[in-house]
Every structure is written in C-alpha cells, then in structure tokens.
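The values are calculated or read from the model by the stated rules, or taken from the named source; none is laboratory data. Remember, predicted model here, so these are calculated numbers, not experimental data. Here Cβ is always computed from backbone atoms with ideal geometry, including for glycine, and neighbour counts include all displayed protein chains.
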Amino acid sequence: MREEKQRARHRQIADAAYALLARDGYKATSMLGIARQAAASNETLYRWYGNKQGLFRTLVDDNAEDVRTLLQDRISADSDPLEALAEVAPLLLRLVTGERAVALNRAAAADVHDTATLGQTIAARGRDTIVPLIGGLMARLRQSGALARGEPPEIAEVFVNLLIGDMQIRRVIGVIDPPDIAASKQRAERAISLLLRLYGPEPASPGS
C-alpha cells in the first residue's frame, strides 16, 4: 500500500514537472515550483531525487520504460515479424515525437551549459530501449527470409534512422506539429519499403 501510494505521488510530481516545463521551460522550472504544483514538500523532492537534474533523469528513465513496455506489448514471439514491425513503427514514431519526449529533449538542450547530464541519459536510455527491440524484430525477419543480408543491430539502426529521420529534432525546435496516426502510418510504410529494398532478397533475374 505504501509503495502504491508512493508511485501515485511520483506520478503527481511527474505531471507537475511536465506542466511547468511546458509552461516555463527547463531553466525557469525549479524544485520548489514543482513541489508547489504537485502539492508536495520541497524536502520530499530533494529526498527522492537529489536535485532538479535527478528528478528529470527519473522522468527520462520512466519515459524510456513506458516506450519499452508499449513496444514490447506489440511484439510477440509467435507474431509475423513484418506485421509486428508495421504495427510498432508508427507507434514508435508517435512516441518519440510526442509531447513528453519532446519536452525532455528540450530540457536536455537547456541543460547543456549546466550539467550536460540529461542529454547523456536520453541518448543512453533511448538507444538501450529502442534498438534492441527493433533488432530482435530484424533478427526474426532475417530468419524468415524477408531480409537477406546485414546484421540485425545494424539493420535496426538504419531502420530507426529511416523512420524518424530529423522529425524529432524538428519537433524539439518547434517547426512541425506531431504527426497524426495517418501520417505516422504512411511514414512507417515508407521506411519499411526502403528497408526491404536495402536488405531484402535480390529480385530474381529473368529466366531464372
């Protein structure tokens, strides 16, 4: 019961931090402001997170775990790997260009000349979360014959680049809106098509 109450309290603090981050930006968001927004004590925030960077690193970890769970739930060992990729890809695109991911990346950019720790955490957790999951799908696609060459980790890196490209950074700097479901699906289909052209079996020659 105590752990459940603490998890609920953490969610309230996270919601408060995201709200202030969206309204005021990272630099102007303080531990005291978050505590007031969450109706929590400043002492509790410092005891749980250490400092503002610690709190936001926790948000990065939580967001990465949410992404991993959502993607993993759509990848099962007995599913068709190409169908799974077609389902996972648009979801992944929406997650990495969503409001929370964008807010955390903006915070990391603002932290560059302070502690420069948030960007490192995002880079590590993003790679650790996404690439192994996609790499597992690529390994299954290689086993099925849908992909004929390349190592799964390399193919996963290429696919993530094809799928996301510069969309996340363009979201972070505020020049595009988040893609809707239809746009995400269309971009995912394009990325999968390009991947199959790069790594799929060579087309049979005439007369073979």
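Screening the candidates Ala101, Ala84, Ala107 for the property of being assigned by TED's automatic domain parsing to the domain that holds Ser193, closer than 25 Å to Ala183 by Cβ, crowded, with 21+ Cβ neighbours inside 10 Å and touching a helix residue (DSSP H, G or I) at 6+ places or on another chain (Cβ under 8 Å) yields one hit, Ala101. When restricted to residues that are small (Gly, Ala, Ser) and outside any loop (DSSP other than H, G, I, E, B), region 25-76 contains 4. Under the condition of being among the acidic types (Asp, Glu) and over 22 Å from Ala107 (Cβ atoms), which residue from region 131-189 is nearest to the chain's Cα centre (by Cα)? Going through the qualifying residues, I end up with Glu157. Restricting attention to region 120-136, the residues that are over 17 Å from Ile164 (Cα atoms) and either aromatic (Phe, Trp, Tyr) or in contact (Cβ under 8 Å) with a residue 12 or more places away in the chain (or both) total 2.
Please tell me if Arg9 is surrounded by 14 or more Cβ atoms within 10 Å (Cβ to Cβ), assigned to a helix (DSSP H, G or I) and not assigned by TED's automatic domain parsing to the domain that holds Thr129. Judged against the criteria, Arg9 is a match.
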